[in-house]
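Shown next, in structure tokens, is the structure this report addresses.
The values are calculated or read from the model by the stated rules, or taken from the named source; none is laboratory data. For clarity, every value in this text was computed on a predicted model and none was experimentally measured. Here the Cβ is made from the backbone with ideal geometry for all residues, glycine too, and neighbour counts use every protein chain on show. Keep in mind that these areas ignore ligands, DNA and RNA; they rest on the heavy atoms of the full protein, side chains included. Shrake-Rupley method; radii C 1.70, N 1.55, O 1.52, S 1.80 Å.
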Amino acid sequence: MLAILLAGLLAVMAPSAFAADSDVSLEASIVNAPDKGWYASGESVEIVGMLSNSGDATSIQVDPSCNEVLRVWSNGNLIVDGTEACLGQSRGWDLDASSTTESEPLFWDLKDSNGLFVQSGYYDIELVIAGEELSSTVSVHVQTPVSIPDGLELELIATARDGIHAQASPSIITARLHNTLPVEINLDLEGCKLSFNAQLVGNCGPSVLKGHQIVTVAQIAVSMNAGLNEFSMALGDGVLMTNLVIDAIEDEDEADWTGNIDELELSLVLSNDNLFEELETFAPEISLTNTGLEDVSLDFTNTCRGETWVVNSAGEVVMDTLSLKECTELDVQNLLTPNSERTYPQAEWSFMDMDGCHVSSGDLTVVFEIPEFDLFSTDSINLDGGENSYCQDESIEIIADISANQNILVSPTIVSSEDFEINWFKMCGLETALFGPNGEIETVFSQCDYNNTLSMRFDQYELDSFSLQSVDLEDGDYYLAFRTITEPQIRSTLSFTWPLVDDQIETEEDDDEVVEFTPRVVDGSWSATTNDLGVCWLLNSPDEGIITLAGSTDSLSWAPEVGATGQYLVTESIPSAECAGFAAASFKVNEVYSQEVQVAPEDEQEEAAIIPTEEVQESEISPVVITVGAVVASGGILSLLVALIATNESWRIPTTSAGLWLLALVGRTSETSDGRYQRGRLMGYLTANPGCHFRALMAALEMSNGQITHHLRVLEDEESIWRRPDGRLVRFYPYTSNLHPGIVEDELPLPPLSPDPNSLQGKILRLLDDDGNMKKYPTQAELAHRLDRSQQLVSHHLRTLQKFGLVQKQKMGVKNRYRLTREAVFLLDTTEV
């Protein structure tokens, strides 16, 4: 009877003792997690497990030597294994039916099995019940200290569109890493994230920084509160912590609206992608969409409803649509029904900054907003500006040590009185031309090891040394003309005597071979012309004709002015690099006896001509003469004639009258200051060159982006001109009975052009035309090989042809290939190039 009773009890208990595995589960969870959402050194991850039995009472096997343990994983690799402490023992753990049991908390201190902090990144933490092998996993993000070399600095820059931070208005916080050392440094920043006010916002930076390199690692849009606003940023776990305090004024907007304004969504609408190249324009639209279920009504009080502004990687405002217009008071109501959209077109921008200089290549942050209602958002675009004619910084110069063995060895150095920032591009960064008594002898490109756009900040930087041929040099005076292909552009000249004499570069005044020139007195009037090397100043003397300025003595604080007349004590000198192309005598001013400046309209004083530049590595000057260059050059020739006519009364009056008539001006010359003068130039140029695009107009008439945009808008409002888009270009035409918006596109005229067929640019056009007829489009390297010229030289001329709208670059596969534009095809069909 006893045996039968025991067997019965075992039969009743057996189903519970061997319950199905699916009834027992383990769920791990994190407790006491930090509010910031990630863990830093000094903090521990606390995990508890919830063991649940959803079925009948049962029993599981556990290892009593460790019970629950943690295992930490990173990308499938085991970093910490808590099961290593288990002794392999076994004990039963009874679980009641439909029961839940919470385990004791377990902790991970962010260290590996060797007791070292793990690398920053994401980790999977597995809670394991030893013996039964039940487990559950949670994920955490960890930021641990990174090792930073000496010389690395983190900078924060706050930018507002007008320089004044205001409540609820957008401001941009720019974070930059700067290697202050002249040598390259390596950074171990794998997994490291930027911490901005304890929130992770992006990667910490690159793995390598070249000497003096500065890189932008983040640009963040923020909305301020009235009063003091505190911001902090660090690399990961508090490394290089930098603080910034901004005082914001109170919001003065008093806009009215009905509905839920928070349901409005802003976006930037582009005609193509966000990549822009040289000669393209940026003309987006701001889209405002009601994503809610109710109507939203906005009551505007002025005409500036949707606006954009752009910040470069240095945290500088380079474009602001509000600077191109006036906000006129006008009450307008915009109603947005659910899912409806309003668009606000923006003015065209040709990537010229607020000072009229080309914007450097790289990433740009676009802030677009509805100012009256404090609605804003941001987007980014990328500019590949190529070899633009960036503005020159005259406070920076290039000095050089020159020595000679078989060749001339040049070791140049950029110097400045204070730190400045310079951008190098994916091309050779320094062009050096050697000039002698008969003009240019040789051109060398150096500083060619940049694979990407690179920004640097320094006050002195040694450039790569290079050699110049000296075999055929005759004894005499020579000079080097340096030009950087950077933003900003740097130009300098350095003279020397061949053969070299020790220390002559530093102490030319002690050289016994220096020729002494007899001082003389000259008088005349000043004009100026520009070329690729800079500005050449010309003095029109009644006795000596046109002579060029080489400079002035160091002790003389003086500079020429366009239109000024005076008398000067001068001595002969070798010409400056800017004036080397003129067959005229050159002089240095020792003393100013008198100078009188004639008042003239500011626009006239800024007129300058582009003279034909010398073909690099060619024995003769062979410019590509196109209408754009011809018109600008004609402006320079006219400025020279003005100086000559000013001294002859019988010529001055009829010539002035004729000039005013040709410029389509009415009234006296004093009336040109109100803008009619510039609009007359625009109309005259477009009449001669219908179909000219925006950038070509700017280059031809030497107007800033703001100037030409304003005058084009006025002329369009007067229905004097009209426009038509051509891809990303916009072409302008005079409004006539034979030329109007209704004309068929194929019948539109193109600007007449006439390149020199013997120049390298003419040869490039012929090759592209021949290849285009066979549907072939060569690369830059293929053109260089076929023309037997250096790739740098061909690159230079291709960019010049692109600038004037004759050649376009097109991505085909992984390579950039070149083809002719409509203008070039028309040109080659109507000329014998």
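Considering segment 338-353 alone, what residues qualify as being open to solvent by less than 60 Å² (accessible area, probe 1.4 Å), outside any loop (DSSP other than H, G, I, E, B) and either under 17 Å from Ala314 (Cα atoms) or basic (Lys, Arg) (or both)? Steps first, answer last, please.
As a first pass, look at segment 338-353 and keep what is open to solvent by less than 60 Å² (accessible area, probe 1.4 Å): 338, 340, 344, 346-353.
Checking which are outside any loop (DSSP other than H, G, I, E, B) leaves us with 344, 349, 352.
Correct list: Met352 only.
Could you tell me whether Trp257 is touching a helix residue (DSSP H, G or I) at 6+ places or on another chain (Cβ under 9 Å), in contact (Cβ under 8 Å) with a residue 60 or more places away in the chain, over 30 Å from Ser704 (Cβ atoms) and outside any helix (DSSP H, G or I)?
Details: touching a helix residue (DSSP H, G or I) at 6+ places or on another chain (Cβ under 9 Å): yes; in contact (Cβ under 8 Å) with a residue 60 or more places away in the chain: yes; over 30 Å from Ser704 (Cβ atoms): yes; outside any helix (DSSP H, G or I): yes.
Considered against the rule, which asks whether it is touching a helix residue (DSSP H, G or I) at 6+ places or on another chain (Cβ under 9 Å), in contact (Cβ under 8 Å) with a residue 60 or more places away in the chain, over 30 Å from Ser704 (Cβ atoms) and outside any helix (DSSP H, G or I), Trp257 comes out as yes.
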> Which members of segment 376-405 meet the condition of being in a loop (DSSP other than H, G, I, E, B), of a type outside the set (Asp, Glu) and open to solvent by less than 60 Å² (accessible area, probe 1.4 Å)?
Replying inline: Gly385, Gly386, Asn388, Tyr390, Cys391
> Taking segment 38-57, which residues are touching a strand residue (DSSP E or B) at 6+ places or on another chain (Cβ under 7 Å) and farther than 18 Å from Ser135 by Cα?
Replying inline: Trp38, Tyr39, Ala40, Ser41, Ser44, Ala57
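Criterion first (touching a residue at least 40 places away in the same chain (Cβ under 8 Å), touching a Phe, Trp or Tyr at 6+ places or on another chain (Cβ under 7 Å) and within 27 Å of Gly691 (Cα to Cα)) does Arg817 satisfy it?
Values: touching a residue at least 40 places away in the same chain (Cβ under 8 Å): yes; touching a Phe, Trp or Tyr at 6+ places or on another chain (Cβ under 7 Å): yes; within 27 Å of Gly691 (Cα to Cα): yes.
Yes, satisfied.
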>> Every residue in segment 207-237 that is surrounded by 15 or more Cβ atoms within 10 Å (Cβ to Cβ), part of a loop (DSSP other than H, G, I, E, B) and within 25 Å of the chain's Cα centre (by Cα), please.
In response: Lys210, Gly211, His212
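In this structure, does Leu87 turn out to be open to solvent by 70 Å² or more (accessible area, probe 1.4 Å), among the aliphatic types (A, V, I, L, M), farther than 25 Å from Phe196 by Cα and part of a loop (DSSP other than H, G, I, E, B)?
On the way: open to solvent by 70 Å² or more (accessible area, probe 1.4 Å): yes; among the aliphatic types (A, V, I, L, M): yes; farther than 25 Å from Phe196 by Cα: yes; part of a loop (DSSP other than H, G, I, E, B): yes.
So Leu87 passes the test.
Just to verify a result, which residue in segment 300-314, among those that are of a type outside the set (Phe, Trp, Tyr) and either within 17 Å of Ser377 (Cα to Cα) or without any contact (Cβ under 8 Å) to a residue 24 or more places away in the chain (or both), is surrounded by the most Cβ atoms within 10 Å (Cβ to Cβ)?
In the first step, residues of segment 300-314 are kept if they are of a type outside the set (Phe, Trp, Tyr); the result is 301-308, 310-314.
Add one more test, that the residue is either within 17 Å of Ser377 (Cα to Cα) or without any contact (Cβ under 8 Å) to a residue 24 or more places away in the chain (or both), and what stays is 304-308, 310-312.
Numbers: Cys304: 18, Arg305: 20, Gly306: 22, Glu307: 22, Thr308: 24, Val310: 24, Val311: 26, Asn312: 22.
That would be Val311.
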> Given (1) out of contact with any Asp or Glu (no Cβ under 8 Å at 6 or more places or on another chain); (2) open to solvent by 30 Å² or more (accessible area, probe 1.4 Å), where does Ile408 come up short, assuming only one miss?
Replying inline: (2)
>> Filter segment 226-253 down to the residues that are within 30 Å of Trp349 (Cα to Cα) and acidic (Asp, Glu) and list them by number.
In response: Asp251, Glu252, Asp253
> Taking only pairs six or more apart or across chains, which ones have beta-carbon atoms under 7 Å, a first residue in segment 172-196 that is under 19 Å from Phe117 (Cβ atoms), and a second residue that is open to solvent by less than 10 Å² (accessible area, probe 1.4 Å) and of a type in the set (A, V, I, L, M)?
Replying inline: Leu187/Leu209; Cys192/Leu235; Leu194/Ala175; Leu194/Met233; Leu194/Leu235; Ser195/Met233; Ser195/Ala234
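Would you pick out the residues in segment 106-121 that are open to solvent by 50 Å² or more (accessible area, probe 1.4 Å) and either in contact (Cβ under 8 Å) with a residue 60 or more places away in the chain or on the phi > 0 side of the Ramachandran plot (or both)?
Listed by number, the residues that qualify are Phe107, Asp109, Phe117, Gln119.
Which members of segment 354-375 meet the condition of being crowded, with 19+ Cβ neighbours inside 10 Å and not aliphatic (A, V, I, L, M)?
Taking segment 354-375 and keeping what is crowded, with 19+ Cβ neighbours inside 10 Å, we get 357-362, 364-373, 375.
Result: Cys357, His358, Ser360, Ser361, Gly362, Thr365, Phe368, Glu369, Pro371, Glu372, Phe373.
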> Residues in segment 805-825: is at least one acidic (Asp, Glu) and either touching a Cys at 6+ places or on another chain (Cβ under 6 Å) or open to solvent by 40 Å² or more (accessible area, probe 1.4 Å) (or both)?
Replying inline: no
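How about segment 172-206: which of its residues are small (Gly, Ala, Ser) and either part of a strand (DSSP E or B) or open to solvent by 60 Å² or more (accessible area, probe 1.4 Å) (or both)? Give the steps one after another, and end with the answer.
Step one: list which residues in segment 172-206 are small (Gly, Ala, Ser), which gives 175, 191, 195, 198, 202, 205.
Within segment 172-206, Ala175, Ser195, Gly202 meet the criteria.
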>> So for segment 51-72 (the condition being under 47 Å from the mean Cα position of the chain (by Cα), at pLDDT 90 or above and loosely packed, with under 14 Cβ neighbours inside 10 Å), does at least one residue qualify?
In response: no
> Residues in segment 132-171 that are open to solvent by 50 Å² or more (accessible area, probe 1.4 Å) and hydroxyl-bearing (Ser, Thr, Tyr): how many?
Replying inline: 4
> Within segment 472-493, restricting attention to residues that are assigned to a loop (DSSP other than H, G, I, E, B) and either of a type outside the set (A, V, I, L, M) or without any contact (Cβ under 8 Å) to a residue 12 or more places away in the chain (or both), which residue is least open to solvent (accessible area, probe 1.4 Å)?
Replying inline: Pro488
>> When you check Leu240 against the structure, is it assigned to a strand (DSSP E or B), over 27 Å from the mean Cα position of the chain (by Cα) and in contact (Cβ under 8 Å) with a residue 60 or more places away in the chain, yes or no?
In response: no
> Which one of these does Lys111 not meet: (1) in contact with an Asp or Glu (Cβ under 8 Å, 6 or more places away or on another chain); (2) at pLDDT 90 or above; (3) among the basic types (Lys, Arg)?
Replying inline: (1)
>> Name the single residue that is most open to solvent (accessible area, probe 1.4 Å) among those in segment 319-337 being in contact (Cβ under 8 Å) with a residue 40 or more places away in the chain and out of contact with any strand residue (DSSP E or B) (no Cβ under 8 Å at 6 or more places or on another chain).
In response: Ser323
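Residues being open to solvent by 60 Å² or more (accessible area, probe 1.4 Å) and not in a strand (DSSP E or B): count how many of those fall in segment 418-452.
Here is the first cut: in segment 418-452, the residues open to solvent by 60 Å² or more (accessible area, probe 1.4 Å) are 418-419, 426, 437-438, 441, 448-449, 451-452.
Subsequent filtering for residues that are not in a strand (DSSP E or B) retains 426, 437-438, 448-449, 451-452.
Residues in segment 418-452 being open to solvent by 60 Å² or more (accessible area, probe 1.4 Å) and not in a strand (DSSP E or B): 7 in total.
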